[in-house]
Amino acid sequence: MSRIVFATGNAGKMREVRMILEDLGLEVVSMKEAGITIDIEEDGATYEENALIKARAVAACTEDIVLADDSGLEIDRLNGEPGVFSARYLGEDTSYSIKNANLIGRLEGVPEEERTARFVCAIAAVLPGGQELTTRAAIEGRIGYEEKGEGGFGYDPIFYVPELRKTTAELTGEEKNLVSHRGKALQLMKEELRSYEGIDCQ
Ligand code: ITT
């Protein structure tokens, strides 16, 4: 039976990914659980390039289906920053309370209608036959004035979704996955995988 190895070291992502992929009926493991401990340099210019870099690096270590996620937060007023550098913004080891406070500070005095932003996610797949696929999706929102909510990870406490009147950190995991960039990009990837013969999924 095919198994999916998900090429991420981000525990928050992995938690969401497991939930979203559950109905495929395939075993889903993180790269660590698969015993793959390589360091991957993400030097692509786009989310798709970086997702493919991660998926290819892990696919070189396993016969399983490999998926990877590259994602980021784009703030219009900051010319799309932090974008593909979202994980590295202010340093990879800097806490998100500091990163979030910094972004709120950079938007001081900016009115609500100009605080538009989106989370973007590209998912890449490398199949056992070597075929490569990518999907992409986004969720539109606004940057809040303070952190709100305890759920999610990363920039979720400052990402306000006007239609839901909540930040993505105030949503349950299920609620976030229904509307999020990652949820939607992975749904598209599930449809692609279901159309492949030889991948025995539901
Ligand atoms: P892997 O490369 O190991 O998957 P990473 O955290 O380095 O983990 P990325 O390079 O794709 O992943 O960076 C994505 C960053 O974008 C992530 O670390 C967060 O800062 C931010 N981000 C992406 N999706 C998010 C979400 O759903 N909620 C909050 N922040 C998110």
If every Lys and Arg gets +1 and every Asp and Glu gets -1 at its Cβ, then about the Cα centre the chain yields a dipole, in debye to the nearest 20, of 240
In degrees, nearest 10, the alpha-carbon axis of helix 47-59 is tilted away from the dominant principal axis of the alpha carbons of the chain by 40
Which of Ile98, Ile158, Ile65 fluctuates most in a GNM of the chain (C-alpha springs under 10 Å)? That residue is Ile98
Share antiparallel - DSSP beta bridges, the range 1-116, percent rounded to 5:
20
How high is the relative contact order of the chain, in percent, counting Cα pairs under 8 Å that sit 6 or more residues apart?
20
Report the one residue of Gln131, Gly12, Ser97 whose Cα lies farthest in the direction of the positive end of the charge dipole of the chain (charges on C-beta: Lys and Arg +1, Asp and Glu -1; origin at the Cα centre).
Ser97
Cα-Cα pairs of the range 1-91 separated by more than 18 Å (percent):
47
Plugging the Kirkwood radius over Cα pairs into Stokes-Einstein for the chain, at a temperature of 25 °C and a viscosity of 0.890 mPa s, what D comes out in µm²/s?
142
Among Ser180, Ser97, Ser86, which one shows the highest mean-square fluctuation when the chain is modelled as a Gaussian network with alpha-carbon springs under 10 Å?
Ser97
Semi-axes of the range 57-99's equivalent ellipsoid from the Cα gyration tensor, sqrt of 5 times each eigenvalue, largest first, rounded to whole Å?
29, 14, 7
Kindly express, to the nearest 10 degrees and within the range 0 to 90, the angle between helix 96-106's C-alpha long axis and the longest C-alpha principal axis of the chain.
50
Lysines within cross-link reach of Lys190: Cα-Cα under 26 Å, excluding same-chain residues under 8 positions apart?
Lys13, Lys32, Lys54, Lys176
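Can you show me the helix-derived [θ] at 222 nm for the chain, built from DSSP H runs with n ≥ 4 at -39,500 (n - 2.57) apiece and divided by the number of residues, rounded to the nearest 500.
Helices in the chain give a 222 nm mean residue ellipticity of -8500 deg cm²/dmol.
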Over the range 142-202, with the other protein chains present, what is the accessible area per residue in square angstrom, probe 1.4 angstrom?
55
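The values are calculated or read from the model by the stated rules, or taken from the named source; none is laboratory data. Just so you know, these numbers come straight off a predicted model, no measurement behind them. Glycine also receives a Cβ, built like all others from the backbone with ideal geometry; neighbour counts cover every protein chain displayed. Ligands, DNA and RNA are stripped out before the accessible areas are found, and what is left, the full protein with its side chains, is counted by its heavy atoms. Shrake-Rupley method; radii C 1.70, N 1.55, O 1.52, S 1.80 Å.
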